[in-house]
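Q: I'd like to ask some things about the structure below.
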Amino acid sequence: EPPGELLSGPGQIPSDRSGAGVSWTLDLAAGAVRHRIDTGRAVVETVRWSVAGEPGCQAYVAPELDAAEPPCGTPPPRVLVGDDGSRAVTVTADRVIGDRLLRIVSTATDRERSRAMAEATERAERLVAWDPSDLLDTQQRRWQERWRTCNVTIEGDPAAEVKTRYALFHLLSLTDHGAELPIGARGLTGDAYSGHVFWDADVFVLPSLATVAPTAARAMIEYRLRRLDAARQLAEREGRAGVRFPWESARTGCDVTPRSGVTATGDTVPILTGQQELHIGADVAWALTAYRWLTGDDEVLAAGGAELYADTARYWVSVIDNGPDGHGHINGVIGPDEYHEEVDDNAYTNTMAAWTLRQAADLAGDDLLPGVDATERASWLRAATTLVTGYDASSGRHEQFDGYDRLDPIMAESIAPVPFAADLLLGREIVQRSQLIKQADVLMAHHLVPDELPPGSLGRDVRFYLPRTAHGSSLSPAVHASVLARAGRPDEAIELYRIALGIDVDDLTRTGAGGIHYANLGGIWQALIAGFIGVRPGRGGLIVDPALPSGWSRVLVRCCYRGARVEIDATHDEVAVATDRPLRFVGTDRDAAVTTDRLRLIRGGTSEKCWERA
Ligand code: IFM
């Protein structure tokens, strides 16, 4: 672990290495990778897997070719020393059983080398004593249990079904975790972004994980809570109050964002995201709220959550400039659209800041934030109300940042088929002067905090920003799919959904060598659940409001909400929701809330989008 980096793990499946006589298969049912080589004279099959329920352990079964010793000998233990002196010890154990070789590779970390060594050795020796077939059967049984709790069936679209399951597979793979779970942009599947944790974890992965593995989502929150002190120091260093989470975070929670990078053309360019991508502060608070909504766990407030809200609100108050126009402004930032740097009043940043201030004020109003008095609470509400959001009542849409509308109106489709990296294709300067955007920005706010934006603005913002979006970030297509479905345009949503599905499975953007795009996978699950099935938290209960693409005849989903196991069966005309304990549901219109374990909705006669309780 070089300073500022997280330990990287095994790479992902090298899908492009499949070819004549060679195949790699990810067996989603068994949670294992099968590798087959047909040399023409012999067929060699191996299988490898991350042992479910035994974090840090990998198993590998292969034919033992010369039937005597393991082919390359057993590697000796490997010790990596972290920059804080902690040790990661990897122990390998081999055993030949009949004509097969079983290899276990076990990694444990501890401050004490001897403890890490003992733990890794104990696991390796225990697992290598198993019969390989039994070990693989156990793996399969554990995965079957996971698939019984969380799964998706999409009738009418088998490709979308298997690729969505692939996303779910990787989310479910995060189930085995310690007390805290930092998810890097590429997890442990590749070295792009050095394992660093971005908002990808908080707003893309965490809400999805909360519906498939709530304890893993809690461990993700814990990762942030344990770095509140580091975030407090960062805010202080920048002359601000409260907490400021770093744009890129690793073990200590200090800012590890690089200050420069080298482009594909070999030029060194400054990286300003560390100084300017401030929205991360609101994203972390949003993730905490999403976690509480989705799991019903409010104990997290007493475990540091209350502090996180209060100090995030304090941070925003100290960042906001109160202008002579009587409004609050946040200047010199980068929004989610990273093509435009140092902009004033980014709609996403300001909307999220205002939302966070109101959240904190609401909690303080309910006496849930110790140490916050009425005066401070009132200052948060005032700041939220005066902050500009870029909304223009005459056009009914948001301007992405101050001055955006005056930029060159270049449309993405006039350059190349999406997704493409506009900055690489056209050069940074041209892109900066244009309205081309990298990823969902205003639409990201619609995705995360729909009730914070003026009614009617979703449709107008989608119409305006979609044609300007290059989807140069893997975070973009799934969010667009989700908001398009919610905006009642599911047949366009499915096009973006297919792009999102292809990013990892088909390596659509040729960036897979750096690892799996976890935000994309989290985004896919969100687009399915919140977009197509329309399950989202409403005021006082869950809303179910499906908008299925015409090519999907039926969708079945299993997941969890607020401690209950939930099964949703949706067609174009009818939705049935069954839960193993009663949940509270609200309608999308003025329907009264209902608490039930069986909900049936049929498409209403009055409007295409309206669902009525059957
Ligand atoms: O967090 C993202 C960002 O939004 C776009 N660039 C890549 C980062 C890591 O995935």
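Q: Shape of region 285-328 from its Cα gyration tensor (a ≥ b ≥ c, root eigenvalues): rounded if a/c is under 1.5, otherwise prolate when a/b > b/c, or oblate?
A: Taking the square roots of the gyration eigenvalues as a ≥ b ≥ c, region 285-328 is prolate.
Q: Could you give the longest part of the chain that holds none of the GluC sites (Glu not before Pro) found in DSSP loops with at most 14 neighbouring Cβ atoms within 10 Å?
A: Details: sites that count: E112, E238, E342, E608.
My reading of the result: 343-607 is the longest stretch.
Q: Here is a further query. Could you tell me how many degrees, from 0 to 90 and to the nearest 10, lie between the Cα long axis of helix 228-237 and the main elongation axis, the longest principal axis, of the Cα atoms of the chain?
A: With both axes taken from Cα atoms, the answer is about 50 degrees.
Q: Under a Cβ-Cβ cut-off of 11 Å, what is the net charge of the residues other than T25 that fall near it, where Lys and Arg count +1 and Asp and Glu count -1?
A: Once positives and negatives cancel, what remains is 0.
Q: Which angle from 0 to 90°, rounded to the nearest 10, does the C-alpha axis of helix 132-149 make with the longest principal axis of the chain?
A: It works out to around 20 degrees.
Q: Quick check: the distance between the Cα centres of region 490-539 and region 249-290, to the nearest angstrom?
A: So the two Cα centres are separated by 22 Å.
Q: While we're on this one: Once both labels are modelled 7 Å past Cα along the beta-carbon direction, what's the A42-A129 spacing in nm?
A: Rounded to a tenth, the inter-label distance reads 3.2 nm.
Q: Which whole-Hz ³J(HN,Hα) couplings does region 30-43 yield from phi under the Karplus relation 6.51 cos²θ - 1.76 cosθ + 1.60, θ = phi - 60°, glycine and proline marked x?
A: 8, x, 8, 10, 10, 10, 10, 10, 10, 7, x, 9, 8, 10
Q: Choose one of Y309, S133, G31: the residue whose Cα lies farthest towards the positive end of the charge dipole of the chain (beta-carbon charges +1 Lys, Arg; -1 Asp, Glu; about the Cα centre).
A: Sorting the options by dipole projection puts first S133.
Q: For I437, enumerate residues with amide H under 5 Å from its amide H, sequence gap 5+ or separate chain, H modeled in the peptide plane.
A: For I437, whose amide H was placed from the backbone, the distant partners under 5 Å are T469, A470.
Q: Using the alpha carbon gyration tensor of region 125-168, what are the three equivalent-ellipsoid semi-axes (square root of 5 times each eigenvalue), largest first, in whole Å?
A: 31, 10, 8
Q: Further question on the same structure: With Cβ to Cβ distances under 12 Å as the rule, what net charge do the other residues near S457 carry (K, R +1; D, E -1)?
A: It works out to a net charge of -2.
Q: Same structure, new question: If you wrap a convex hull around the Cα atoms of the chain, how much volume per residue is inside, in Å³? Walk me through the intermediate numbers first.
A: Working: hull volume 104.1 nm³, N = 614.
Considering the Cα atoms of the chain, their hull volume per residue is 170 Å³.
Q: Taking the simple approach of a point 7 Å from Cα along Cα-to-Cβ for both R598 and V79, what is their distance in nm?
A: Taking the simple label geometry, R598 and V79 are separated by 6.3 nm.
Q: Considering region 479-534, what Rg and Dmax in Å follow from its alpha-carbon atoms?
A: Gyration radius and largest Cα-Cα distance of region 479-534: 11.4, 36 Å.
Q: Moving on to the next point. Mind checking region 484-581 for trypsin sites (Lys or Arg not before Pro) that DSSP puts in a loop (not H, G, I, E or B) and that have at most 10 other Cβ atoms within 10 Å?
A: Taking region 484-581 and a limit of 10 other Cβ atoms within 10 Å, the loop trypsin sites (Lys or Arg not before Pro) found are R510, R539.
Q: Restricting everything to alpha-carbon atoms, can you work out Rg to Rh for region 455-614 with a Kirkwood hydrodynamic radius?
A: For region 455-614, the value is 1.00.
Q: Multiply the residue separation of D373 and D491 by 0.36 nm, subtract the distance between their alpha-carbon atoms, and state the gained length in nm to one decimal. Could the numbers behind the result be given before it?
A: On the way: separation 118, 0.36 × 118 = 42.48 nm, distance 4.94 nm.
Between D373 and D491, full extension yields 37.5 nm more.
Q: Okay, next question. With r as the distance between the Cβ atoms of R111 and T153 and R0 = 35 Å, compute the FRET efficiency 1/(1 + (r/R0)^6) and round to 0.05.
A: Efficiency, from the Cβ-Cβ distance: 0.15.
Q: Apply the Kirkwood formula to region 349-459: the hydrodynamic radius equals the inverse of the mean of 1/r over all pairs of different alpha-carbon atoms; give it in Å with one decimal.
A: Radius from the Kirkwood sum: 16.4 Å.
Q: Could the peptides 31-39, 459-467 be put in order, highest first, of the mean number of other beta-carbon atoms found within 10 Å of their residues?
A: Answer by packing, highest mean first, reads 459-467, 31-39.
Q: Quick check on region 92-237: take the gyration tensor over C-alpha atoms, sort the square-rooted eigenvalues as a ≥ b ≥ c, and tell me if it's rounded (a/c under 1.5), prolate or oblate.
A: Oblate.
Q: Let me ask you something else. How much length is gained if the chain between D507 and D362 is pulled fully straight, taking 0.36 nm per residue apart and subtracting their Cα-Cα distance, in nm to one decimal?
A: Stretched out fully, the D507 to D362 stretch lengthens by 47.8 nm.
Q: Let me ask you something else. What nm value, rounded to one decimal, do you get for the distance between R226 and H572 when each label is placed 7 Å out toward the C-beta?
A: For R226 paired with H572, the spin-label model returns 5.1 nm.
Q: How large is the convex hull of the Cα atoms of region 259-314 per residue, expressed in Å³ as a whole number? The partial results should precede the final answer.
A: Numbers: hull volume 5.9 nm³, N = 56.
Convex hull volume per residue, Cα atoms: 106 Å³.
Q: Amide H to amide H under 5 Å from A547: which residues, 5+ apart in sequence or cross-chain, H placed 1.01 Å off N in plane?
A: I533, G534
Q: I'd like the Karplus ³J(HN,Hα) series for region 425-441: coefficients 6.51, -1.76, 1.60, θ = phi - 60°, whole numbers in Hz, and an x wherever there's a Gly or Pro.
A: After applying 6.51 cos²θ - 1.76 cosθ + 1.60, I find 6, 9, x, 4, 5, 4, 5, 5, 7, 10, 8, 5, 10, 7, 7, 3, 10 Hz.
Q: Quick one: net charge of I280's neighbours, Cβ under 11 Å, K/R +1, D/E -1?
A: With Lys, Arg at +1 and Asp, Glu at -1, the neighbours total -4.
Q: May I ask you to list the residues of region 128-161 whose amide nitrogen lies under 15 Å from a point 7 Å from Cα along the Cα→beta-carbon direction of L28?
A: 143-161
A short reminder: the numbers here are calculations on the coordinates, not readings from a lab. Small disclaimer: the values here were computed from a predicted structure and weren't measured. Virtual Cβ from ideal backbone geometry, glycine too; neighbours counted across all protein chains shown.
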